[in-house]
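Comments concern the structure below.
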Amino acid sequence: MNTNDTTRPILLVEDNPMDVDLTLRAFKKSKVANPIQVARNGEEALAFLPRWLAGEPLPAIILLDLKLPKIHGLDVLRQIKSHPQFAVIPIIVLTSSQEDAEVKTAYQLGANSYIVKPVNFEKFLEVVSQIEMYWILLNTPPR
């Protein structure tokens, strides 16, 4: 188990208040130890880049919605993955979009995973639990 990653934050990039609440409740119910940071649009997400450069801990993972106001999620993904220091951060696209073109583009830009949001809370809880199990507890990220 990689215990260091339970202290690093999880960055949730999501504009829908109901989905933010659902995700936070799912993480709480799954007893995820990581602190959760929330960016409510693409601009807020990209505002983390200078903070990380200034020494704030990099997130263990980023959960990224695509249909965001101000800056689209694919542009956020492109900018983070094109930065040499941040390209190693696992980015999981967690979105309602099932469009083949968006799935393909997300992977071409460096997404580590693409998950379509379940509508049902129990299914969503299962997804969050799987995300934590794999990306936080099992996966070994580069140092």
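The conditions of being assigned to a helix (DSSP H, G or I), more than 14 Å from the chain's Cα centre (by Cα) and at pLDDT below 95 are not met by GLU43.
In a residue-by-residue description of the range 55-77, the property of being out of contact with any helix residue (DSSP H, G or I) (no Cβ under 7 Å at 6 or more places or on another chain), touching a residue at least 24 places away in the same chain (Cβ under 8 Å), part of a helix (DSSP H, G or I) and surrounded by fewer than 17 Cβ atoms within 10 Å (Cβ to Cβ) applies to no position. Is it the case that the range 95-102 has a residue that's at pLDDT 90 or above, part of a helix (DSSP H, G or I) and buried (at least 17 other Cβ atoms within 10 Å of the Cβ)? Yes, the range 95-102 contains at least one residue that is at pLDDT 90 or above, part of a helix (DSSP H, G or I) and buried (at least 17 other Cβ atoms within 10 Å of the Cβ). Checking each residue in the range 78-94 for being surrounded by fewer than 17 Cβ atoms within 10 Å (Cβ to Cβ), touching a helix residue (DSSP H, G or I) at 6+ places or on another chain (Cβ under 8 Å) and either in a loop (DSSP other than H, G, I, E, B) or free of Cβ contacts under 8 Å to residues at least 24 places away in the same chain (or both) picks out HIS83, GLN85, ALA87.
The lone criterion from (1) hydrophobic (A, V, I, L, M, F, W, C); (2) in a loop (DSSP other than H, G, I, E, B); (3) in contact with a helix residue (DSSP H, G or I) (Cβ under 7 Å, 6 or more places away or on another chain) left unmet by VAL119 is number (3).
Just to be sure before I move on: is GLU122 out of contact with any Phe, Trp or Tyr (no Cβ under 7 Å at 6 or more places or on another chain), among the charged types (D, E, K, R) and surrounded by 12 or more Cβ atoms within 10 Å (Cβ to Cβ) in the structure I sent?
Numbers: out of contact with any Phe, Trp or Tyr (no Cβ under 7 Å at 6 or more places or on another chain): yes; among the charged types (D, E, K, R): yes; surrounded by 12 or more Cβ atoms within 10 Å (Cβ to Cβ): no.
Criteria not met by GLU122.
If you go through the range 15-44 and pick out every residue that is among the charged types (D, E, K, R) and within 23 Å of ILE80 (Cβ to Cβ), you end up with 5.
Out of TYR134, TYR107, I need the residue that is aromatic (Phe, Trp, Tyr), at pLDDT 95 or above and surrounded by fewer than 17 Cβ atoms within 10 Å (Cβ to Cβ). Which one? Walk me through it before giving the result.
On the way: TYR134 fails: at pLDDT 95 or above.
When all the criteria are applied, what remains is TYR107.
The values are calculated or read from the model by the stated rules, or taken from the named source; none is laboratory data. All values derive from a computational prediction rather than experimental measurement. Every residue, glycine among them, receives a Cβ derived from its backbone with ideal geometry; neighbour counts consider all protein chains shown.
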